[in-house]
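Step one of this worksheet: look at the structure below.
Quick note: the coordinates plus some simple rules give every number you see, no bench work behind them. Worth saying up front: this structure is predicted, and the values here are computed from it rather than measured. Counting neighbours? That spans all protein chains shown, and the Cβs are built from the backbone with ideal geometry, glycine included.
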C-alpha cells in the first residue's frame, strides 16, 4: 500500500491553491486544452460560466486545484458503500504540455492525497484513457495505483 511519506516533496517554488470563481476563465481554457490532448474537443460544452457557477454555488462539492497557471486538478467528493466513507474522485488532471516533466503533476497529485487524507476519505479514484500510456505509467509507477480491469465506465448523457 502506498504510504504518503513515500512520495517526494513538491518543488517549493510551485504555487498550488484551491481555485475560486474568479479562476473560471483559466479553468475553462485548461479544460479545452485537455480535451484537445485527449482527442475529445468535440465533446466539450462547458464554459467559464459553468465553472464560475460550480465554484460559487453554496454546498458545491466541485473543487479545483490550480497550479498557477499551468495545470489543474478538478475533483469532487464521492461515496463508497463498501468502505462506508466518502472518497475523492479526480475528474481531470492536466498540465500544459510545455510544463510537463517539471513535477507539477506530481505536486498536484500529492496535494490531492493530502486533501483526501486530511478529510479522512476512504479512497481516491479516477479514470485514465487506455491509450494514454504516459498517464498510466505516472499513476502506476509513481503512486502504485491499481488499474481495475474488471470495471467499465458507464455513462448516460444528460446535456
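For the pair residue 130 and residue 157, what calculated FRET efficiency results from E = 1/(1 + (r/R0)^6), where r is the Cβ-Cβ distance and R0 = 22 Å, to the nearest 0.05? Each step should come with its number before you reach the end.
Values: r = 20 Å, r/R0 = 0.93.
Plugging the Cβ-Cβ distance into 1/(1 + (r/R0)^6) gives 0.60.
Within a 10 angstrom radius of the beta carbon, how do 156, 26 rank from fewest other beta carbons to most?
Placing the least packed residue first, the sequence is 156, 26.
Suppose only helical runs count, i.e. DSSP H with n ≥ 4. What mean residue ellipticity at 222 nm does that imply for the chain under -39500 (n - 2.57) per run, divided by all residues and rounded to the nearest 500 deg cm²/dmol? Write down the numbers at each step before the final one.
Details: 4 runs with 43 residues, N = 159.
Theoretical 222 nm ellipticity from helices: -8000 deg cm²/dmol.
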Exposure proxy order (Cβ contacts within 10 Å, fewest to most) of 43, 111, 157: 157, 43, 111
Top of 81, 61, 140 by mean-square fluctuation, Gaussian network on the chain, Cα under 10 Å: 81
Cα centroid of the stretch 65-129 to Cα centroid of the stretch 19-60, whole Å: 16 Å
For 95, 136, 153, 16, order by how many other beta-carbon atoms lie within 10 Å, fewest first: 153, 136, 16, 95
Relative contact order for the chain, counting Cα pairs under 8 Å that sit 6 or more residues apart, in percent: 21 percent
Label point distance in nm, residue 119-residue 32, each placed 7 Å from Cα along Cα→Cβ: 2.9 nm
